[in-house]
Each structure stands twice: as structure tokens, then as C-alpha cells.
Amino acid sequence: MRILGIETTCDETAAAIVQRGADGAGDILSNEVMSQIAEHAAYGGVVPEIAARAHIDVLDRLVERALATAGMDISDIDGVAAAAGPGLVGSVIVGLTAGKALALAAAKPFVAVNHLEAHALTARLTDRVDFPYLLLLVSGGHTQLVAVRGVGEYERLGSTVDDAIGEAFDKVAKMLGLAYPGGPNVEREAIDGDPQRFDLPRPMLMRPKPDFSLSGLKTAVRLEAERIAPLTRTDVADLCASFQAAVIDVVVDRSRAALRVFREDHGHPNAFVAAGGVAANGGIRRALGRFCSEAGIRLVTPPLNLCTDNGAMIAWAGLERLALGLADDLTFAARPRWPLDANAEAIHHGKA
Ligand code: KG4
Ligand code: ZN
């Protein structure tokens, strides 16, 4: 089975072809991504109107390139999958509408994919992880720990009550004069910094429920920066290192809490999967590596280009759903808010 996947929920336009063989193994035949970072950099964040227009400008070319690289025609694929949310509604509509149009024109089944589910299932494409597993999903818009029991079966164990971790990285970068997106730049600065110079808070540490809170930490960084302004290069590096060290402590502690909850309900997980853009952070990866080896769990971190937003993850999620007969109607509407675990959303008012 071969699926075309389309992703336009935020600031990456992406199209990919993924194939699954009879043995269940996934194979990425093409994976085209065009980042809009340059278009948004001047504003220090993603501007929805610019994002939607940029998706329109490049999506058809990316789809053509994805098919050409895979050596295929639209008639060679078995279905079209497009991310239908959560995300910026104007952007989501671009990819969703294009996906539906292609499916209709080629008379292929259509799958509306939840972008978070695509992040969640990527580890099955890259590492053939079996259910159930524990997922840490950390990106610019999302921070959650999820028990993944099967396709469509997600239980959110905890999430952030305020900012997402990637958002905190981006805001800290902005206040320190570093370019957007902040995560990679904060990480680069932190390499030469002193992680112990600033005594920053570790919000939520030791709480049994694996929730996160980032806004107090972000504010603490701002107060320290204001206290010692004007900032030297060393100050910036030390603030980045101290901030990243606090985030790492929080991520490991919250993951430990989630593992405890997971084990009570589902036994030993087959893996601990870290996904989303923040999972590209080397410091976080190394700390999770230590945590998992102590806990005796296999750590799975998809390669960086599959951790950040991409089309292959949408194609793979579409493939997993289609294989279970879960095709969608062409009337499927964009869902700017679309939690992975609908039950958790009702009780929780943090970000999805
Ligand atoms: O998953 P993603 O590409 O997009 C969504 O938000 O869905 O994640 C982007 C986020 C941004 O906030 C970015 O600053 C953060 O991931 N990020 C990082 C790193 N690389 C990307 N954060 C920390 N360290 C990094 N190396
Ligand atoms: Zn994402």
C-alpha cells in the first residue's frame, strides 16, 4: 500500500509518499518539506495569514516533486492523507482541500489525519514499535505524555497547563535577542554556557500527575535577564544553558511520573517514544537516554527530520488508518482544535 501524505498545519509545507510492504515495514519513497521560517523570521513567530498564502504558493509543486521522486503518477498510489488539524485553520484548509481534490480527481480513498496522531505513530514507521508505548510529544504547540494503546487509542496522562515547551524555547530566544525558531538557537548558545549560574525554578517537579508548567520558568529567565542587563554573550549563553538544564530536569521528572502511571494501567511499555520538534534537542535526548536505560525501557527518537513537521508522518498515519478501513468522507472539516484524547480535553483546559 502506498499513500500520499500532505502537511500544512503550521509553517512547514510538506508532501511525501510512504509505502508499507506485506511484512508491515514502512518505507519512505519521497519526503518533500519546504519551511517558511524565512518568511516569518522578521516577526519572531508564525503569522497565520502569511503561512496560509505560502502553503498555497508551494503545495502543488511539492506534491508533484513527491510523486516524481517516488517515480510515480497519482494513479499509482492507494490513497491520499492530509492533516486536518490541529493547527492554524487557514493553513490546515489549504492542505486538506488539496488532499480532498486529489483524492476525488484520482478516485482514491481519502484520510483526514490528526497531526498529533501522526507525530505519535511515527515511531512505528521508523522503528516498528509495537503497542502499547509511552509517548512524550513536545513541539511548538504541544507538550503531553500519552499512553498509545493502538491506532486511535490515546490516553493523555498529562500535559502543560500553560505554554508548550517549544513555545517557551521560542519566547526565551526572543527575549535574549536570538532568531526564530528559538529552540535550535537556544541549544546552540547553551553549549558554551554555565547551566548552574542561574538558579531557575523546576515547575511541577515531584507532582504525581505528569503535567507541565513552563510560564513561571520563562518569567524567571526574563527577570534574571532584566536584573543583569545589558547582556553580554556569556550572559546569554549562561541563561540559555540554565534554562535548558531546568527544562531537562522537568522533562525527565515528568516522564518518570508518566511511566509510573503507565505501568499501573498498562504494564511495561514497549518503548518510550520522544516526538515533536523539541525532541530534536540533544540535551533532552541524552537525558532521556539516561532515564530510559535506568528504567529498562527502549528509547525511540525518530530522526530529526521526522521529529519536526513532515509529510511522511501524515502518509504513515493515513496508511495505518486506511489499513484498518478508516477512510474519511470528503466533507471532513478542518479542526483547528483536535485533541488526541477527547476525554482528557473535557477535564483539562491546557493546550491540546
Ligand atoms: O514539531 P514542530 O516542528 O512544529 C510544531 O510545533 O508542531 O516543532 C517546532 C518547535 C519550535 O518551538 C522549535 O523552537 C522547537 O520545536 N525546537 C527545538 C529544537 N528544535 C526545534 N526546541 C529545543 N531544541 C531544539 N533543538
Ligand atoms: Zn508538529
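Some points to look at:
- Under 30 Å from residue 108, Cα to Cα: lysines that are on another chain or at least 8 residues apart: 100
- Against the criterion of solvent-accessible heavy-atom surface with a 1.4 angstrom probe, 231, 137, 223, 322 sort, most first, into 223, 231, 322, 137.
- Nearest-10 value in Å² for the accessible area of residue 64, using the 1.4 Å probe: 120
- Of 326, 121, the residue with the largest accessible area leads and the full order is 326, 121 (1.4 Å probe).
- Cα centroid separation, the stretch 1-17 to the stretch 22-84: 4 Å.
- Taking all protein chains together and rolling a 1.4 Å probe, residue 56 ends up with roughly 110 Å² accessible.
- Å² per residue, accessible surface of the chain at 1.4 Å: 40
- GNM flexibility winner over the chain from 235, 57, 163 (Cα, springs under 10 Å): 57
- Computed with every protein chain present, the accessible area of residue 35 is close to 50 Å² [probe 1.4 Å].
- Shape call, the stretch 81-140: gyration tensor on alpha carbons, a/c limit 1.5: oblate
- Helix 233-266 and the long axis of the chain differ in direction by around 60°, with both axes built from C-alpha atoms.
- Comparing 251, 221, 151 in a Gaussian network model of the chain (Cα springs below 10 Å), the most mobile by mean-square fluctuation is 151.
- Prolate/oblate/rounded call for the stretch 130-304, Cα gyration tensor, a/c under 1.5 rounded: prolate
- Degrees, to the nearest 10: 48-69 long Cα axis against longest axis of the chain: 50
- Crossing angle, helix 215-228 versus the chain [Cα axis fit, 0-90 degrees, rounded to tens]: 50
- Straight-line cross-link partners of residue 218 among the lysines, defined as a Cα under 27 Å from its Cα and at least 8 positions apart when in the same chain: 171, 174, 209, 351.
- Residue 271 long-range amide H proximity, modeled H, under 5 Å: 134
- Mean Cα-pair separation over length for the chain, i.e. relative contact order, pairs under 8 Å, 6 or more apart, %: 24
- Over the chain, dividing the summed -39,500 (n - 2.57) contributions of all DSSP H runs of at least 4 residues by the number of residues returns a 222 nm mean residue ellipticity of -15000 deg cm²/dmol.
- Between 291, 262, 169, the residue with the greatest mean-square fluctuation in the GNM of the chain (Cα pairs under 10 Å linked by springs) is 291.
- Distance between the stretch 116-150 and the stretch 203-246 - C-alpha centres, whole angstrom: 27
- Cα gyration tensor category, rounded, prolate or oblate, for the stretch 131-227 with a/c compared to 1.5: prolate
- Farthest toward the positive end of the dipole of the chain, out of 281, 332, 306, is the Cα of 281, where the dipole comes from beta carbon charges about the Cα centre.
The values are calculated or read from the model by the stated rules, or taken from the named source; none is laboratory data. In this text the structure is predicted, and so the values were computed from the model without any measurement. Neighbour counts run over all protein chains shown; Cβ positions are idealised from the backbone, glycine included. All accessible areas refer to the heavy atoms of the entire protein, side chains included, with ligands and DNA or RNA removed. Shrake-Rupley method; radii C 1.70, N 1.55, O 1.52, S 1.80 Å.
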